[in-house]
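Remarks on the structure that follows.
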Amino acid sequence: MEEQHYIRPTWDQYFMEIANTVATRATCDRGRSGCVIARDKQILVTGYVGSPRGLKHCDEIGHLMKKVHHDDGRITQHCMRTVHAEQNAICQAARLGISLQGASIYCRMTPCRTCAMLIINCGIERVVCERKYHDSLESEEMFRQSGVILDYVYNEVQEYTNQQG
């Protein structure tokens, strides 16, 4: 019988797997998302999708849906009750006094425009996404212009539960 050889995960695989575990704490079923921010092979902070501290979560009282009108004429629905995983991780670093300069962030899908701006401004140098967000072109362009490295594990669009935009 042939012996199975254990293959140790790369650092990217390791941090992405942890980000997916962090996502299990998310409190909005539209896109249970989590992230890990690491530097020098060490986790600095994690974050997941959830309502601001002290406020009710989607899982408790439902979504707070708003229509978003896009320049191309599309109208999509988004849940506005939650703070994104990337935003929560950056806030956690600020609360703890942890610099994110030179770090990498591992997340389920391409960060939104607002998260991309925060990532750029706090000095994160690399973004690793499991998949693309269906509306990621603006964030991708901002990362390109600012010199932030953007890598995808899978070059496909993330499908997520109850997707309406």
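Of all residues in the stretch 19-31 being open to solvent by 40 Å² or more (accessible area, probe 1.4 Å) and touching a residue at least 60 places away in the same chain (Cβ under 8 Å), which is nearest to the chain's Cα centre (by Cα)?
ASN20
Hey, can you tell me all the residues within the stretch 140-155 that are of a type in the set (Ser, Thr, Tyr), touching a Lys or Arg at 6+ places or on another chain (Cβ under 7 Å) and under 14 Å from ARG126 (Cβ atoms)? Let's see the steps before the verdict.
The first filter runs over the stretch 140-155 and keeps only residues of a type in the set (Ser, Thr, Tyr), leaving 146, 152, 154.
Those still in the list that are touching a Lys or Arg at 6+ places or on another chain (Cβ under 7 Å) too: 152, 154.
Correct list: TYR152 only.
Could you run through the stretch 38-70 and say how many residues are at pLDDT 90 or above, among the hydrophobic types (A, V, I, L, M, F, W, C) and surrounded by fewer than 17 Cβ atoms within 10 Å (Cβ to Cβ)?
Number satisfying all stated conditions: 3.
Residues that are touching an Asp or Glu at 6+ places or on another chain (Cβ under 7 Å) and either of a type in the set (A, V, I, L, M) or under 24 Å from GLN158 (Cβ atoms) (or both): find the strands (runs of 3 or more DSSP E) completely inside the stretch 1-103 holding 3 or more of those. Even if it seems obvious, please write down each step before you answer.
Numbers: elements: 34-39, 42-48, 65-69, 75-79.
Where strands (runs of 3 or more DSSP E) fall fully within the stretch 1-103, none carries at least 3 residues being touching an Asp or Glu at 6+ places or on another chain (Cβ under 7 Å) and either of a type in the set (A, V, I, L, M) or under 24 Å from GLN158 (Cβ atoms) (or both).
Among all residue pairs at least 6 apart or on different chains, which show Cβ distances below 6 Å where the first residue, located in the stretch 121-137, is at pLDDT below 95 and the second is assigned to a strand (DSSP E or B)?
Once the first residue is at pLDDT below 95 and sits in the stretch 121-137, its partners that are assigned to a strand (DSSP E or B) give GLU130/ARG108; ARG131/MET109; LYS132/VAL157; TYR133/MET109; HIS134/VAL157.
Tell me the residue from ILE98, ILE90 that is closer than 17 Å to ASN121 by Cα and surrounded by 20 or more Cβ atoms within 10 Å (Cβ to Cβ), please. Talk me through it step by step, then tell me what you get.
Values: ILE98 fails: surrounded by 20 or more Cβ atoms within 10 Å (Cβ to Cβ).
Sole residue among the options that is closer than 17 Å to ASN121 by Cα and surrounded by 20 or more Cβ atoms within 10 Å (Cβ to Cβ): ILE90.
The values are calculated or read from the model by the stated rules, or taken from the named source; none is laboratory data. As the structure is a prediction and not an experimental result, all values here were calculated from the model. Here the Cβ is made from the backbone with ideal geometry for all residues, glycine too, and neighbour counts use every protein chain on show. Each accessible area value is taken on the protein alone, full model and side chains, heavy atoms only, with ligands, DNA and RNA left out. Shrake-Rupley method; radii C 1.70, N 1.55, O 1.52, S 1.80 Å.
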